[in-house]
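Q: I'd like to ask you about the structure that follows.
The values are calculated or read from the model by the stated rules, or taken from the named source; none is laboratory data. Keep in mind it's a predicted model, so treat the numbers as computed, not measured. Don't worry about glycine lacking a Cβ; one is built from the backbone with ideal geometry, like all the others, and counts go over all protein chains shown. The protein model used for the area step is the full one, side chains on, heavy atoms only, and it has no ligands, DNA or RNA in it. Shrake-Rupley method; radii C 1.70, N 1.55, O 1.52, S 1.80 Å.
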Amino acid sequence: MASRSSLVVNARVHLSGSRGRSAVITNNVEYVATREGADKSATVDDLKRYELAERMGLIGYCAERPGSTALFDQNGAVQLRTARKELEKADGAIATVVLSVRRDEACELDLACKEDWQRFCRRNLAPALAEAMGIPESSVRWVAAEHENHPNSKHAHVIAWSSDGSFDSLMARNRLDRARNALTDAALAPALAAEYEARDLARSRAVDAVRQIPADEIGVTLPADGRISYAHLRRWHPDVAKAVDVAIAEAGSRHPEIKGASAAYSKSVERCAGLKGLESVARDRYVNNAMQELRARQGNALLRVIAPDRTTDPERELMRSARPDGGPATERKRMKPLIGEVRACVTGEDLEGAREAVRELRPIPERCLRSCPSYALSMAKAPVAVSRALTKALAFATENPRGKKDLSDEVGQKAERALARALAAAASAAIRGDTAGIVLDPAKTIVKGMIL
């Protein structure tokens with residue numbers, strides 16, 4: 001089971017003029033690219049990047065035809081001779097980094113194959129390396145390769161340097177620790193999302209179990225009039241709210257399903273706190289808030305059993321109906337490849353900027369998309385039309401949230417969807433040459449954001 005120790009990050013710096021630096025250029029880069037177990041397979045991401053560049057007449061955008069090399073960088077496949085030539089021209093220090101995960105946890109972390117490693121590196125390496133090296137993210141240059149030669153782990157070798165020679169010192173311990181934590185957070189995101197689902201399921205079961213308590217087993221006397229809800233009782237009738245808590249606890253001793261579901265929820269909350277890296281006061285606050293939410297939900301469920309005529313009816317489960325051609329499910333399917341591109345290419349810093357914009361209900365900055373291939377290709381084809389389309393799409397990306405925010409809500413997911421819709425608008429505008437094509441034609445095919 002994944003934990004904060006699942007991703008191991010080992011880094012070493014070879015200073016300018018040292019033997020180690022020369023060895024990286026002459027031997028290490030060749031070892032990374034050609035070692036037995038280095039995966040040279042062509043990934044879907046790289047093939048689509050290459051195909052898009054070819055169609056747009058920007059074939060130089062991708063370095064080499066995918067499948068001919070194990071090395072890759074932020075933009076695509078990289079030949080060994082190209083990487084070595086860049087390293088020979090580079091000034092300053094060179095860092096070698098190894099990222100590894102246990103083989104039995106690779107699937108849980110979405111790091112099971114070369115394509116997974118590529119997406120992880122392209123999304124997270126640049127900001128993490130910039131932090132560790134103490135240089136601007138725009139100056140970071142790296143190449144990597146995924147190796148499959150170890151029986152117990154999967155790992156990727158990374159060689160990093162600065163494009164302008166500004167990195168020429170050892171990595172400070174505090175900077176390296178921050179970079180490790182950022183990479184660990186990114187690696188654990190899939191496991192955390194899965195645990196959120198498990199937590200929510202356990203919470204629903206715990207609340208449903210309370211709804212099944214027979215009314216004659218509950219010895220709680222409610223106020224004669226006024227609003228009946230757990231939050232209202234806690235504020236205006238704390239003795240009654242305490243009696244509700246006691247009644248739920250007593251029911252848990254008589255009904256094992258209540259106690260079991262509540263224990264499963266508590267265990268899942270603890271695991272979420274561990275995956276998030278919370279400690280001491282922050283961890284206690286997170287766990288206490290989650291358990292208070294469960295008590296409130298169970299309290300409201302018990303009140304509906306006691307006085308159904310004085311409480312709001314629970315939400316009825318919506319009946320399934322035929323899925324329309326242009327409904328939400330179709331839109332999600334259409335946006336899936338675009339969201340994949342956003343997750344693979346948008347840097348952590350830019351994604352955080354998009355999150356902040358969503359939180360503050362303001363337009364997302366266009367710079368958040370500049371690391372996406374579809375953005376670059378669209379701007380190369382029709383910069384004016386694409387800029388207008390992006391301005392409009394990103395302005396509509398922040399709407400007021402509806403309802404109470406749940407603990408499992410992630411503003412980053414909304415930011416990713418907003419960026420994906422903006423890429424779709426840019427692609428449509430680039431193809432048509434105007435801003436009228438923000439709504440995609442269902443007859444068209446989306447390949448990494450471009451309409452073909």
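Q: Quick check on this structure: which one of ALA53, ALA33 is open to solvent by less than 70 Å² (accessible area, probe 1.4 Å) and modelled with pLDDT of 75 or more?
A: Among ALA53, ALA33, only ALA33 is open to solvent by less than 70 Å² (accessible area, probe 1.4 Å) and modelled with pLDDT of 75 or more.
Q: Right, here's the next one. Determine whether segment 164-187 contains at least one residue that is more than 30 Å from LYS89 (Cβ to Cβ), in contact (Cβ under 8 Å) with a residue 12 or more places away in the chain, touching an Asp or Glu at 6+ places or on another chain (Cβ under 9 Å) and aliphatic (A, V, I, L, M).
A: Scanning segment 164-187 turns up at least one residue that is more than 30 Å from LYS89 (Cβ to Cβ), in contact (Cβ under 8 Å) with a residue 12 or more places away in the chain, touching an Asp or Glu at 6+ places or on another chain (Cβ under 9 Å) and aliphatic (A, V, I, L, M).
Q: Please indicate, with yes or no, whether at least one residue in segment 73-88 is under 20 Å from THR184 (Cβ atoms) and under 24 Å from the mean Cα position of the chain (by Cα).
A: For segment 73-88, residues under 20 Å from THR184 (Cβ atoms) and under 24 Å from the mean Cα position of the chain (by Cα): absent.
Q: Can you say whether SER100 is farther than 24 Å from ASP350 by Cα and either aliphatic (A, V, I, L, M) or out of contact with any Gly (no Cβ under 7 Å at 6 or more places or on another chain) (or both), as far as the supplied structure shows?
A: When the stated conditions are applied, SER100 passes them.
Q: Scan segment 156-179 residue by residue and report those that are surrounded by fewer than 21 Cβ atoms within 10 Å (Cβ to Cβ) and of a type outside the set (A, V, I, L, M).
A: Result: SER163, ASP164, GLY165, SER166, ASP168, SER169, ARG173, ASN174, ARG175, ASP177, ARG178.
Q: Mind checking whether some residue in segment 221-242 is in contact with a strand residue (DSSP E or B) (Cβ under 7 Å, 6 or more places away or on another chain) and open to solvent by 50 Å² or more (accessible area, probe 1.4 Å)?
A: No, that holds for no residue.
Q: Based on what the data block shows, is ARG367 within 26 Å of LEU129 (Cβ to Cβ), in a helix (DSSP H, G or I) and basic (Lys, Arg)? Can you show your working first?
A: Numbers: within 26 Å of LEU129 (Cβ to Cβ): yes; in a helix (DSSP H, G or I): yes; basic (Lys, Arg): yes.
When the stated conditions are applied, ARG367 passes them.
Q: On the basis of being more than 16 Å from ALA189 (Cα to Cα) and either buried (at least 18 other Cβ atoms within 10 Å of the Cβ) or among the aromatic types (Phe, Trp, Tyr) (or both), does GLY134 make the cut?
A: Criteria not met by GLY134.
Q: If you don't mind, another one. Determine whether segment 205-214 contains at least one residue that is more than 25 Å from GLY340 (Cα to Cα), in contact with an Asp or Glu (Cβ under 6 Å, 6 or more places away or on another chain), touching a residue at least 40 places away in the same chain (Cβ under 8 Å) and not acidic (Asp, Glu).
A: yes
Q: Criterion first (assigned to a helix (DSSP H, G or I), more than 30 Å from ALA187 (Cβ to Cβ), over 33 Å from the mean Cα position of the chain (by Cα) and free of Cβ contacts under 8 Å to residues at least 12 places away in the same chain) does ALA249 satisfy it?
A: yes
Q: Evaluate the following for ASN149: is it of a type outside the set (Phe, Trp, Tyr) and within 15 Å of ALA11 (Cβ to Cβ)?
A: no
Q: Report, by residue number, each residue of segment 1-29 that is charged (D, E, K, R) and either on the phi > 0 side of the Ramachandran plot or in a helix (DSSP H, G or I) (or both). Break it down stepwise before answering.
A: Of segment 1-29, the ones charged (D, E, K, R) are 4, 12, 19, 21.
Of everything in segment 1-29, those that are charged (D, E, K, R) and either on the phi > 0 side of the Ramachandran plot or in a helix (DSSP H, G or I) (or both) turn out to be ARG19, ARG21.
Q: In addition: Within the group ALA198, ALA182, ALA202, ALA189, which residue is open to solvent by 30 Å² or more (accessible area, probe 1.4 Å), in a helix (DSSP H, G or I) and touching a Lys or Arg at 6+ places or on another chain (Cβ under 9 Å)? Quick ask: steps written out before the conclusion?
A: Values: ALA182 fails: touching a Lys or Arg at 6+ places or on another chain (Cβ under 9 Å); ALA202 fails: open to solvent by 30 Å² or more (accessible area, probe 1.4 Å); ALA189 fails: touching a Lys or Arg at 6+ places or on another chain (Cβ under 9 Å).
When all the criteria are applied, what remains is ALA198.
Q: Only one of these conditions is not met by THR82: (1) in a helix (DSSP H, G or I); (2) farther than 21 Å from ASP46 by Cβ; (3) free of Cβ contacts under 8 Å to residues at least 24 places away in the same chain. Which number is it?
A: Going through the list (1) in a helix (DSSP H, G or I); (2) farther than 21 Å from ASP46 by Cβ; (3) free of Cβ contacts under 8 Å to residues at least 24 places away in the same chain, THR82 breaks only (2).
Q: Among the residues of segment 86-106, write down those that are part of a loop (DSSP other than H, G, I, E, B) and open to solvent by less than 30 Å² (accessible area, probe 1.4 Å).
A: Of segment 86-106, the ones part of a loop (DSSP other than H, G, I, E, B) are 90-93, 106.
Of everything in segment 86-106, those that are part of a loop (DSSP other than H, G, I, E, B) and open to solvent by less than 30 Å² (accessible area, probe 1.4 Å) turn out to be ALA90, GLY92, ALA93, ALA106.
Q: Right, another one. I need the full set of residues from segment 122-146 which are more than 16 Å from VAL9 (Cα to Cα), among the small types (Gly, Ala, Ser) and in contact with a strand residue (DSSP E or B) (Cβ under 8 Å, 6 or more places away or on another chain), in order please.
A: SER139
Q: Determine which member of the set ALA198, ALA202, ALA182, ALA156 is in contact with a Ser or Thr (Cβ under 9 Å, 6 or more places away or on another chain) and under 30 Å from SER18 (Cα atoms).
A: Being in contact with a Ser or Thr (Cβ under 9 Å, 6 or more places away or on another chain) and under 30 Å from SER18 (Cα atoms) holds for just one of ALA198, ALA202, ALA182, ALA156, which is ALA156.
Q: Just to be sure, is ASP441 assigned to a loop (DSSP other than H, G, I, E, B), modelled with pLDDT under 80 and either under 30 Å from LEU111 (Cα atoms) or polar (S, T, N, Q) (or both)?
A: Taking the combined requirement at face value, the residue does not satisfy it.
Q: While we're here: If I ask for residues that are under 20 Å from SER6 (Cβ atoms) and either open to solvent by 70 Å² or more (accessible area, probe 1.4 Å) or among the polar types (S, T, N, Q) (or both), which ones from segment 271-282 would you list?
A: Answer for segment 271-282, where residues must be under 20 Å from SER6 (Cβ atoms) and either open to solvent by 70 Å² or more (accessible area, probe 1.4 Å) or among the polar types (S, T, N, Q) (or both): LYS276, GLU279.
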